[in-house]
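See below for the structure under consideration.
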Amino acid sequence: MVLSPETITEEFVKLVEHYRKRKGISQNKLAIKAGLTGGLLSRMKHGSRKIPAFDKVWYIACLLDMPLEEFISILESKEKEIENGEKQ
């Protein structure tokens, strides 16, 4: 089973929000440091934009000290939920 781009984006946004708040950095400041447009993170959060290219994901993770292993683990768990007939 392959996760939808919407599910992947949703899980990425949740994790970014967690680590961004933990670091005390604003959404706009994070976007600027990551070389993204100011509204991109907001649009991702509201479902109107998909997850950016992997290089940007990597850079955001590095800026936030966010382990990508955690993101991958969350996605793997979501896949297992779907395979077991649970909700997506």
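Some observations on this one:
- Only residues that are closer than 18 Å to C62 by Cβ and of a type in the set (D, E) were counted across segment 1-21, and they come to 1.
- Pair list, Cβ under 6 Å, 6 or more apart: segment 15-26 residue within 21 Å of I72 (Cβ to Cβ), other residue of a type outside the set (D, E) and in a loop (DSSP other than H, G, I, E, B): Y19/M66
- Check on L30, under 23 Å from L3 (Cβ atoms), among the hydrophobic types (A, V, I, L, M, F, W, C) and either in contact with a strand residue (DSSP E or B) (Cβ under 7 Å, 6 or more places away or on another chain) or surrounded by 15 or more Cβ atoms within 10 Å (Cβ to Cβ) (or both): no
- Taken together, the residues in segment 69-81 that are under 12 Å from the mean Cα position of the chain (by Cα) and over 13 Å from I8 (Cβ atoms) amount to 1.
- Some residue of segment 40-48 being at pLDDT 90 or above, under 14 Å from the mean Cα position of the chain (by Cα), surrounded by 12 or more Cβ atoms within 10 Å (Cβ to Cβ) and not small (G, A, S): no
- For segment 49-73, a residue qualifies if it is loosely packed, with under 13 Cβ neighbours inside 10 Å and among the aliphatic types (A, V, I, L, M), and the qualifying residues are A53, I72.
- Pairs where the first residue, in segment 62-83, is farther than 10 Å from Y19 by Cβ and the second is among the small types (G, A, S) and in a helix (DSSP H, G or I), C-beta under 6 Å, 6+ apart: L68/A61
- Scanning segment 27-59 for residues that are in contact with a Leu (Cβ under 7 Å, 6 or more places away or on another chain) and touching a residue at least 24 places away in the same chain (Cβ under 8 Å) gives L30, K33, A34, L41, R49.
The values are calculated or read from the model by the stated rules, or taken from the named source; none is laboratory data. On a predicted model such as this, the values are computed, not experimentally measured, just so you know. Here the Cβ is made from the backbone with ideal geometry for all residues, glycine too, and neighbour counts use every protein chain on show.
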